[in-house]
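> Quick one: the structure is below, and I'll ask about it shortly.
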Amino acid sequence: MSLNKDGGKPEALLDEAASWLLRLREATGDPRVQDDFSAWLSRSSEHRAAWHRVRESWHLLGEGKPVYEHVWRPRSLQTPSTGVGKGSRFQPGNRSRATRRRWRWVATISAAGVAACLLVVTVPSLLLRLEADYLTTTAQSRLLTLEDGTTVYLAADSAIKTDFSASRRQVRLLAGEAFFDVTRNPARPFVVDASGVKVEVTGTAFDVRLASSVTQVELARGAVGVSSNVAPRTSPAVLAPGQMLAVDRKSGAMTKSDIAPEDIGAWREGKLFVNDATIGAVVEQIQRYHVAWIAVPDVTLAQQTVTGLYDLRDPDRALRALVQPYGGKVHEVSRFARIVSRL
């Protein structure tokens with residue numbers, strides 16, 4: 001029987017192996033769990049192959065010392081414990097299939113898969129460095145002064161490109177978020193282009209954030225007009241101080257709401273304010289301040305909406321506060337990975 005094919009018994013064993021890995025991490029030092037795991041592991045060579053595949057994939061994500069290494073090393077398998085019966089204290093099969101599937105990625109990651117993930121992250125970053133005039137890295141912010149005197153506060157993991165002429169000042173937000181305090185000049189409009197969403201002013205202060213599918217604008221002072229390339233015939237939306245606008249870049253739909261002045265660009269003070277945003281979208285923003293890769297494999301959890309203020313100076317604490325109301329937990333896989341789920 002091969003563990004390289006999907007479906008049937010191999011798939012179930014991979015599910016059980018992934019469940020055991022999580023169980024062992026949660027119950028470090030518990031001899032009863034150790035005995036049950038040893039019994040499960042000794043059932044067959046297929047059980048051992050499934051475990052080693054999960055362990056190898058976990059290791060590729062930067063995991064340190066293997067959990068219960070003394071149990072699953074071949075020497076210990078020569079004297080296995082008794083089998084796991086119906087009354088066992090823990091049965092990995094007792095977990096729902098839906099829950100275990102959330103963790104099957106652990107068993108299917110290979111060296112090639114990790115390399116592909118690195119390419120997905122690295123290639124766009126390199127292209128961004130080539131295109132950007134100014135950029136920041138994870139958890140880094142930067143205060144800039146442009147040639148016209150405009151100040152730009154660039155958030156973590158963000159990038160902009162400038163294009164100034166005698167009649168026009170234009171900045172492209174390539175990634176992340178930025179707060180602009182624009183020097184007034186009616187003869188030279190100032191335009192921020194955030195992936196097809198344009199914010200035009202002559203002199204004002206506002207924040208612009210790029211998410212995966214939405215561009216958000218928050219106005220602190222003055223007035224701005226916001227338009228979208230998706231709906232070019234629609235009149236620009238005009239914002240007044242204390243208002244925010246979320247623009248769906250796919251449909252062009254705009255949603256306007258109020259925001260407290262102190263929450264506009266709150267990231268400059270190490271805080272993240274969100275209003276009726278999905279957990280998945282908020283995790284995307286927290287990711288810019290966390291050195292570890294963050295995944296939310298639970299689609300239902302990722303789609304829940306939240307409104308609140310989160311501490312960006314402690315990303316793990318922010319993640320926990322974000323998902324706890326929905327029964328979510330943050331699993332620290334290693335220094336380089338966090339998994340958010342309801343497991």
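> Only one of these conditions is not met by LYS250: (1) under 28 Å from ASP311 (Cβ atoms); (2) of a type in the set (D, E, K, R); (3) under 25 Å from the mean Cα position of the chain (by Cα). Which number is it?
Every listed condition holds for LYS250 apart from (1).
> Which members of region 247-298 meet the condition of being part of a strand (DSSP E or B), over 27 Å from THR137 (Cβ atoms) and basic (Lys, Arg)?
LYS256
> Take GLU218 and tell me if it is assigned to a helix (DSSP H, G or I) and farther than 24 Å from ARG338 by Cα.
no
> While we're on this one: So PRO236 ticks every box in (1) of a type outside the set (Gly, Ala, Ser); (2) over 27 Å from VAL152 (Cα atoms); (3) surrounded by fewer than 20 Cβ atoms within 10 Å (Cβ to Cβ); (4) modelled with pLDDT under 95 but one. Which box is left unticked?
(2) is the only condition that PRO236 fails.
> A follow-up question, please. More than 12 Å from the chain's Cα centre (by Cα) and surrounded by 19 or more Cβ atoms within 10 Å (Cβ to Cβ) - does that describe any residue in region 277-284?
Within region 277-284, one or more residues are more than 12 Å from the chain's Cα centre (by Cα) and surrounded by 19 or more Cβ atoms within 10 Å (Cβ to Cβ).
> OK, next. Among the residues of region 118-177 satisfying the criterion of being loosely packed, with under 14 Cβ neighbours inside 10 Å, among the hydrophobic types (A, V, I, L, M, F, W, C) and at pLDDT below 90, which is nearest to HIS290 (Cα to Cα)?
VAL121
> Mind checking whether some residue in region 318-329 is surrounded by 14 or more Cβ atoms within 10 Å (Cβ to Cβ) and in a loop (DSSP other than H, G, I, E, B)?
yes
> Assuming PRO261 fulfils every condition listed in (1) within 27 Å of the chain's Cα centre (by Cα); (2) surrounded by 20 or more Cβ atoms within 10 Å (Cβ to Cβ) apart from one, which condition is it?
Among (1) within 27 Å of the chain's Cα centre (by Cα); (2) surrounded by 20 or more Cβ atoms within 10 Å (Cβ to Cβ), the lone unmet condition for PRO261 is (2).
The values are calculated or read from the model by the stated rules, or taken from the named source; none is laboratory data. This one's a predicted model, so the numbers in the text were calculated from it and none came from an experiment. Glycine gets a Cβ as well: all are built from the backbone with ideal geometry, and neighbour counts include every protein chain shown.
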